[in-house]
Amino acid sequence: MTIRESKAIPDGAAKLSYKGKDYDLPAYAGTEGPNVLDIRKLYSDADVFTYDPGFTSTGSCESQITFIDGDKGVLLYRGYPIDQLAAHSNFVEVCYLLLYGALPSKTEMEAFDRTVTLHTMVHEQLATFYRGFRRDAHPMAVMCGVVGALSAFYHDSTDINDPRQREIASHRLIAKIPTIAAMAYKYHVGQPFVYPLNHLGYTENFMRMCFAVPAEEYKINPVLAKALDTIFILHADHEQNASTSTVRLAGSSGANPFACIAAGIACLWGPAHGGANEAALKMLEEIGTVDRIPEFVARAKDKNDPFRLMGFGHRVYKNYDPRAKAMEIQCHAVLDELGMKDEPLLKVAMELEHIALHDDYFIEKKLYPNIDFYSGITLRALGFPTSMFTALFALARTVGWIAQWKEMLEDPHQKIGRPRQLYTGAKTRDYVPLTRR
Ligand code: SDX
């Protein structure tokens, strides 16, 4: 049942009294989660805005893709719990699920996998875009630029009102983002680009495009490839987070889908969002040893110190981020496979988690490790430099972004996003010529 079809909840409406007048705000119930109060007519009826910077209490849209219960630590992709998908599915299957809303049959899966495989190469001209960057450019800066540049290449699939062209653009983005991310890495380390190989799986192909060198055969480690594939599943979508909201807002104007995804990459880069995996590893390296943890925990609690424990806290999860638990499992699997069980940073991370989870400040503020806490250690062990961590997050989140973009364009209620404001600036005043100032 969706708001598109559902009726207001009988006697669920809220009554708002404002300046001596009463207003009914219809309430709607979804299949999971809190009800919503419909305030769409509030401004025209009562000449008043609601005020919610950061959107802590605002539903920006209706969606059927992902659901989070922050208190119970639940994350569902199209109704399937993330821990089950992490244990039994693979990233390409999850891409199909997020895009189309159901698990694929064998035939559907084979067709989708083949379609994605046949779109993994990028236009050869795109390679020249990389050469304009300095070698030490941050991979996220390169990803922003190159994904945005894709909008200059595919004029045959940008009529966003044509469902088939929306689907082709979705397939192209899911297929090409690993190639683009791998090229960003290769350019960063000064090695030649590696082309995709169609007989390899999605994540194996990505690892080979990152780590293969012309001088020798690249041997895929199936344990590591599986771990990275699972990490991609964990990062694939997450309701209306900052970068997804950015993609939706950009898409609401009818912008080119590739440009919308570039906007999402830009937003994800921030250390409060996807950039936290890079920041969390740097924090663990700065802490260095277990005996220095109390000093950093004290700083995180100090109101006068802007320092925060990176990889901790979440706007929605006020209990354990279920992805953090699954991420920790992958972290141990990778370190075990690589014989790195004694990785010092893992000891620091586990001790920091233990201390924080028993500290009144973190308990009271409901701050738990989030997905970014263990991902950095794992990705570094897989061979990626810290600067690539958020690019890997962007690679995985591209399917979530494009599924949400597609859903928004198919929503009959969708219109261009245009929030209002509480204006506290200068009142109207007359211009004063320079000679009189
Ligand atoms: C992601 O939205 C998503 O779904 C995002 C994401 C996704 O998959 O798309 O899950 C991915 O971005 C995960 C979050 C990664 N970011 C970090 O790990 C950075 C560190 N965390 C924080 O900056 C913070 O917790 C946020 C940004 C994640 C959430 O911020 P909120 O919800 O706006 O909470 P807040 O900043 O209002 O903090 C509430 C209180 C504050 O104290 P008071 O002002 O109430 O006294 O908790 C404190 C904060 O100071 N606090 C922290 C803290 N996070 C919040 N104190 C110390 N360390 C922290 N990490």
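The values are calculated or read from the model by the stated rules, or taken from the named source; none is laboratory data. A quick note: this is a predicted structure, and the numbers were derived from the prediction, not measured. Every residue, glycine as well, gets a Cβ built from its backbone with ideal geometry; the counts of neighbours run over all protein chains shown. Side chains are part of the model used for accessible areas, which takes the heavy atoms of the whole protein and leaves out ligands, DNA and RNA. Shrake-Rupley method; radii C 1.70, N 1.55, O 1.52, S 1.80 Å.
For the subset of the stretch 274-308 comprising residues that are within 24 Å of Ser243 (Cβ to Cβ) and charged (D, E, K, R), which member is least open to solvent (accessible area, probe 1.4 Å)?
Glu278
For the stretch 241-268, which residues satisfy the criterion of being open to solvent by less than 10 Å² (accessible area, probe 1.4 Å) and in contact with a Phe, Trp or Tyr (Cβ under 8 Å, 6 or more places away or on another chain)? Can you show your working first?
Our first condition is that a residue be open to solvent by less than 10 Å² (accessible area, probe 1.4 Å); within the stretch 241-268, this holds for 243-244, 247, 251, 257-258, 260-261, 264-265, 268.
Ser243, Thr244, Val247, Gly251, Pro257, Phe258, Cys260, Ile261, Gly264, Leu268, listed by residue number.
In the stretch 186-212, which residues are touching a Phe, Trp or Tyr at 6+ places or on another chain (Cβ under 9 Å), closer than 14 Å to Ala127 by Cβ and hydroxyl-bearing (Ser, Thr, Tyr)?
Listed by number, the list holds a single entry, Tyr187.
Out of the residues in the stretch 344-368 that are near the ligand (Cβ under 9 Å from one of its atoms) and in contact with a Phe, Trp or Tyr (Cβ under 6 Å, 6 or more places away or on another chain), state the one that is nearest to Asp291 (Cα to Cα).
The selected residue is Ala356.
Inside the stretch 358-383, can you point out the residues that are closer than 26 Å to Ile233 by Cα, in contact with a strand residue (DSSP E or B) (Cβ under 8 Å, 6 or more places away or on another chain) and either part of a helix (DSSP H, G or I) or touching a residue at least 60 places away in the same chain (Cβ under 8 Å) (or both)? Let's see the steps before the verdict.
First pass over the stretch 358-383, keeping only residues closer than 26 Å to Ile233 by Cα: 366-383.
From what is left, the residues that are in contact with a strand residue (DSSP E or B) (Cβ under 8 Å, 6 or more places away or on another chain) are 367-370, 373.
Across the stretch 358-383, the qualifying residues are Asn370, Phe373.
Mind checking which residues of the stretch 194-233 are without any contact (Cβ under 8 Å) to a residue 40 or more places away in the chain and assigned to a loop (DSSP other than H, G, I, E, B)?
Those that are without any contact (Cβ under 8 Å) to a residue 40 or more places away in the chain and assigned to a loop (DSSP other than H, G, I, E, B): Val194, Leu197, His199, Leu200, Ala212, Pro214, Ala215, Glu217, Tyr218, Lys219, Ile220.
Taking the stretch 202-240 as the region of interest, how many residues are open to solvent by 30 Å² or more (accessible area, probe 1.4 Å), more than 16 Å from the ligand (Cβ to nearest atom) and not β-branched (Val, Ile, Thr)? Let's see the steps before the verdict.
First pass over the stretch 202-240, keeping only residues open to solvent by 30 Å² or more (accessible area, probe 1.4 Å): 204, 208, 211, 213-223, 226, 239-240.
Remaining after also requiring more than 16 Å from the ligand (Cβ to nearest atom): 204, 208, 211, 213-223, 226.
Narrowing the set further to residues that are not β-branched (Val, Ile, Thr) leaves 204, 208, 211, 214-219, 221-222, 226.
Residues flagged as open to solvent by 30 Å² or more (accessible area, probe 1.4 Å), more than 16 Å from the ligand (Cβ to nearest atom) and not β-branched (Val, Ile, Thr) within the stretch 202-240 amount to 12.
Quickly run through the stretch 181-193 and pick out the residues that are without any contact (Cβ under 8 Å) to a residue 40 or more places away in the chain and open to solvent by less than 20 Å² (accessible area, probe 1.4 Å).
We begin by selecting, within the stretch 181-193, every residue without any contact (Cβ under 8 Å) to a residue 40 or more places away in the chain; these are 182, 186, 191-192.
Within the stretch 181-193, Ala182, Lys186 meet the criteria.
On the given criteria, is Tyr320 surrounded by fewer than 16 Cβ atoms within 10 Å (Cβ to Cβ), in contact (Cβ under 8 Å) with a residue 12 or more places away in the chain, more than 9 Å from the ligand (Cβ to nearest atom) and of a type in the set (Ser, Thr, Tyr)?
Details: surrounded by fewer than 16 Cβ atoms within 10 Å (Cβ to Cβ): yes; in contact (Cβ under 8 Å) with a residue 12 or more places away in the chain: yes; more than 9 Å from the ligand (Cβ to nearest atom): yes; of a type in the set (Ser, Thr, Tyr): yes.
Against the criterion (surrounded by fewer than 16 Cβ atoms within 10 Å (Cβ to Cβ), in contact (Cβ under 8 Å) with a residue 12 or more places away in the chain, more than 9 Å from the ligand (Cβ to nearest atom) and of a type in the set (Ser, Thr, Tyr)), Tyr320 qualifies.
Hey, among Lys341, Lys427, Lys415, Lys406, which residue is assigned to a helix (DSSP H, G or I), charged (D, E, K, R) and more than 16 Å from the ligand (Cβ to nearest atom)?
Exactly one of Lys341, Lys427, Lys415, Lys406 is assigned to a helix (DSSP H, G or I), charged (D, E, K, R) and more than 16 Å from the ligand (Cβ to nearest atom), namely Lys406.
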